[in-house]
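Let me begin by presenting the structure, written as structure tokens, before commenting on it.
Readers should treat all values here as calculations from the given coordinates under stated rules, not as data from a laboratory. Quick caveat: nothing in here was measured; it's all calculated off a predicted structure.
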Amino acid sequence: MNDIEKSISSEISRLNDKIDKITEEINTELKGAKESLLKHIEEAEKDRDRKMKEIKYIGVEFEPTDVKKGEEEVNTALKAGFEPIRDFQTPKGIVMVLGLWGDRKRTN
């Protein structure tokens, strides 16, 4: 083999190694993306099987004498299985929107 052929062969080998490394990196990223997507799909499937059974609006006033009452109502609802959906700021405090979720397949 002459010098030019050796040089070309060496460059091809170097480029093949580089391609292999890039391919490995791409495969690693694809695997991570696939796992993330599968997890997201699984969570979406679980959410699709749920339905809201009850909704509750709880006002929490930020007055020193009233805040404890609202706090207790929210904590009681959370302990009963309600989940926060949203809250709205009001001039006196907030209104918490809480939902109680159940299995869509069950009728009760």
Count of lysine pairs in the range 1-48 with Cα atoms under 19 Å apart, counting only pairs 8 or more residues apart in sequence or on different chains? 4
Value of [θ]222 nm, deg cm²/dmol, for the chain, DSSP H segments ≥ 4, -39500 (n - 2.57) each, nearest 500: -19500 deg cm²/dmol
Does the range 1-68 come out rounded, prolate or oblate, given a ≥ b ≥ c as the square roots of the eigenvalues of its C-alpha gyration tensor, rounded meaning a/c under 1.5 and, failing that, prolate meaning a/b above b/c? oblate
What list of ³J(HN,Hα) values in whole Hz, one per residue of the range 11-23 in order, does the Karplus curve 6.51 cos²θ - 1.76 cosθ + 1.60 (θ = phi - 60°) give from phi, with Gly and Pro shown as x? 5, 4, 4, 4, 5, 5, 4, 5, 4, 4, 5, 4, 4
